[in-house]
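Read-outs throughout are calculated quantities, based only on the coordinates presented, and are distinct from any laboratory measurement. For clarity, every value in this text was computed on a predicted model and none was experimentally measured. Because the Cβ atoms are built from the backbone with ideal geometry, glycine has one as well, and the counts that use them run over all protein chains shown.
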Amino acid sequence: MAKFLVIVESPAKVKTIGKILGKDYLIAATMGHVRDLPKYGMGFKVDGNRVSEINYVVIDGKKQTVKELKSKSKNVDLVYLATDPDREGEAIAWHVAEELQIDKSSLRRVVFHEITPGAVKDAFGSPREINKLLVDAQQARRLVDRIVGFPLSRYVTNNIIGYSKLSAGRVQSVALLLIIDRENKIEKFKSQKYWQIKTLLFCTKNDTKADTFSAILQTKKSLKTGKGSSVQNVIIALEEVEKIKTNLATAKYIVKSINVKEKKVSSPVPFITTTLQREASVKYKFNANRTMRIAQQLYEGISLEGADQEGLITYMRTDSRTLSKDAQNEIKKYISTNFGFEYLASSRGKKIAKVKGAQEAHEAIRPTSISRTPSSLKKYLDSDQYKIYELIWNRTLSSQMADALYTVTTIEIDAKTSTQDYVFKASGSQIKFDGFKKLYTSVIVEENDNESDSQLPVLEKGDILSSKNLNIDVRETKPPPRFSESDLIRELESEGIGRPSTYASIVSRIRDQMYVNLERNRFIPTKLGIAVSSILARSFIDIVNVNFTSDLENSLDAIATGEMNMPKFVGEFDSSFKESVKLARETSAKIDMREESGMSCKQCENPLLIIEYKGAKFLGCKGYPVCKYSEPMQIGVKCPQCWDEQGGQLVERGSKRGVFYACNKWKRNGGCNYIFNGDISEDENCSNCDSKLLRYKKGKSECIYCNRDNQLSEVAIKVDI
C-alpha cells in the first residue's frame, strides 16, 4: 500500500509523476479547481470595510472527486500538494487542504517547474508549507472579479433591450474597450497620399557596367502612419513631384560619401506565454487556446520509446524571461559542441527587459533537456506538438547564441541639376557573422532586427553614376490595423492587464459573448459589443479602463508579498464600488437593440421586432414577456432538401460556433435536418430562380436549390440549435 498521496491538478500528470516517484506514492488529480464561490449571491460578507465569512462551495461535478481524495488521504502518512507553481495552483492546493481537512503535520506543498526526474525529486526533497500570501492574492482576484462582475453583468443586461444574460467583467470589458477604441481610430483616420522618388543607379568604370542599386531621394519630410511609426523622405504635393521629376531628367549623379559601420542584432530572449502565443499565431495560425493546450501536453509528459513518460518543456504560463543556471550551462555546452565556441553568447550576458507587472515566479518556457532535439522527438509527437516544441527549442537555443553581425553601408549621392541640387541615399547590409541566425529567425520582426542581406556594389567617393530609370512611388498612409488575437494579448501584457494564465480565457470570453467577430484573424466589434462598452464607459469609466485594471494587478502583487492586507483591500474596494453602482443606477439610460421588421405578431398583432441571439437574427413579439411568440428569420433561400414537398426555407440559427443556416421545417422530434455552414452572398442572386447564393467556406458560390442534385449537404454536423 502507498505511504504517500500526491495531489496534482491534471490527470495527464498522474502517470508521468507516478513513474518518477515509484510505488510508495499514490498520485491523484483534482482536475482543476474543486471549490469556488457559490453561483448565486456574492458568497462573502463585508463588515467594517473588511471581508469576512467567505463561503466556498464544492463545484458542481467535483463532489465525487473530493470524496475520493478524502478517502485516499486517510490511508497515507503524508499528503503532498503538487498543484501548478503559480498563484492559482497555490490557491487550489489551499482549497484542497481546507476541503479535505488535512492536519498540517501531515501536509506538504511541493513545487516544480518541469516534470523531469531531477526536478520532481528535488521538489519532494525540499517541501514547504502553503504560501498563504499567494493564496490571499488569488482570493482577492476572485473576490474583486465577483464584486465587479455580478453588478456589471446585471447592469448591462437591464439596460440593453433585446438581449438577456449579458456578461461584463473587470478584465474582459477592458479588452473589449481596447478593440472598440482601435475601431474608432480606424474610422476617424484620414488617409494622406504621399510620394517617394527612387532612382536605379549604376556605375561604369573602364567601360564595364557594374551592378545596379536603388537610392531614395532625401526630402527631410516624414508622415505618421496609423501604426504610430513614421515614413521618411516623403513628398506630399503632386506639383512638387512633377517639378523634381523634370529637374532630375538632366541630373548628374556623383558619389558624395560612403559610410561603412558594423551593427549587431541581438539574439532573442526565450519565450514567455505571450510571445509563444504570438509566434505560433503568426507562423501557424494557432489561436491562444490551441497553443496553450499543446504546450500543456508537452509540459505534462509524452511517452518516449524505451523511456518513461516525461515532460518535454517547463511550465508554460510564465512572464519570466530568465533561464536557470543549470539550463544555461547545458545549452552553452550544446552550442559549443554543435556550432563552435564562436557561436556562444558573450559571457557578460545582456540586459533583459522585465515584462510590465511581471511576477517572474518561474523560468521562461524552455525544453527540459536541450539534448532532445526536435528531429529526435518527431516520431513521438503529433504535428501540432512538433511545431510548438520546435519553436520552443529553437528559440531557447538561439537565446544563448552570439549576436548576428552586419556590415552596413550607406552611400550618399549628389544629383546636380541646372536649377537645384538633390541628395539621394542608398543603404545595404551584408551579414558578417550569422550568430543566432544560423539557427533561428523569428517570423515576427524584432525591434532591433530590421537588417536584411542586401549588398551594394563597391564604389569610391567621386564616382560618376548613371540613372537607369526614375521610379515614383505613390502611396497612402494606412490606419492602424485591427487587433489579431496575438496582438490583443500583447497589448494586454504591455498594459499590465491580466496574467499569463488568463490571457486565452479573456479573449475566448468576449468571442463567446458575441461582442466581437473574428474576420480574417482580426477582431471587429459587433453592435452588441459596442453597446455594452458604451454603457460601461458612460457609467463605470473609473472601473472599466486600462489604468484601473493595471493598478489592481499591482495591488494583487502587493498582497502576494505581504505589503497589503487582503481582507481590508477587498472590503474597501467593495464599499467604494457599491457607491459607483448606486450612482450608475440613478443615471442609467437604456439602449434598445431591437429593429422594426414591418410584420405583425400572429398571436397578438403587436409589431414583430428583429432580435439577435448568438449572432443570428430572429423575429420576436414586441409584447414580450406577455406574448412570447417568435419565429426564425428566413433568408430567401429555398431548402434543397424539402422545398419541393414541404416548402422549407433556410433560416438563421446561432450557436457557440457562430451563425449557420437550417431548414425552418426542422423539429426536435423529426422534420427536415438540412444544415448549411457558409455565408450569404448579399450582392448575387441566382439567374434561374432569383434565390440568394450561398458561399461555401472555401469561397465557392452557388444556388443550393438549383444545384440540389450535385451539392453536398452538411447534414451530419452536430449543432446546438
For this session: Restricting things to alpha carbons, tell me how big the range 575-624 is in terms of Rg and Dmax, in Å.
Result: 16.6, 49
Problem set entry | Protection proxy ranking of 557-565, 402-410 - average other beta-carbon atoms within 10 Å, highest first | 402-410, 557-565
For this session: Determine the gain in length on full extension of the stretch Asn565-Arg538; use 0.36 nm per residue of separation and subtract their C-alpha separation, reporting nm with one decimal.
Result: 6.6 nm
Exercise. How many nm separate the modelled label positions at Ser324 and Ile236, each set 7 Å beyond the Cα in the direction of the Cβ?
Worked result: 5.7
For this session: Tell me which label goes with the value of Cα extents along the principal axes in Å computed from the coordinates here: (i) 89, 56, 49; (ii) 93, 76, 60; (iii) 167, 56, 46.
Result: (ii)
Problem set entry | Helical mean residue ellipticity (222 nm; -39500 (n - 2.57) per DSSP H run of 4+; nearest 500) of the chain | -10000 deg cm²/dmol
Exercise. Where does the charge balance sit around Thr291 when Lys and Arg score +1, Asp and Glu -1, over other residues with C-beta under 11 Å from its C-beta?
Worked result: +3
Problem set entry | Alpha-carbon centroid distance for the pair the range 380-436 / the range 179-237, whole angstrom | 20
Exercise. Among Cys703, Cys203, which comes first, then next, by fewest other beta-carbon atoms within 10 Å?
Worked result: Cys203, Cys703
Seminar exercise, completed: Extend 7 Å from the Cα of Asn131 along its Cα-to-C-beta direction; within the range 362-401, residues with backbone N under 20 Å of that point are 362-366
Exercise. Stretched out fully, how many nm does the piece from Ser257 to Met599 gain, at 0.36 nm a residue minus the Cα gap?
Worked result: 115.4 nm
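Would you mind telling me the antiparallel percentage of the DSSP bridges in the range 4-130, rounded to 5?
That works out to approximately 35 percent antiparallel.
Ranked by Cβ crowding within 10 angstrom, fewest neighbours first, how are Arg317, Arg170, Arg522 ordered?
Ascending number of Cβ neighbours within 10 Å: Arg522, Arg170, Arg317.
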Exercise. Hey, how many Å between the Cα centroid of the range 457-497 and the Cα centroid of the range 61-114?
Worked result: 54
Exercise. How do Thr250, Thr314, Thr219, Thr396 line up, fewest other C-beta atoms within 10 Å first?
Worked result: Thr250, Thr219, Thr396, Thr314
Seminar exercise, completed: Among Lys45/Lys165; Lys263/Lys333; Lys333/Lys438, the pairs whose Cα-Cα distance exceeds 20 Å are Lys45/Lys165; Lys263/Lys333
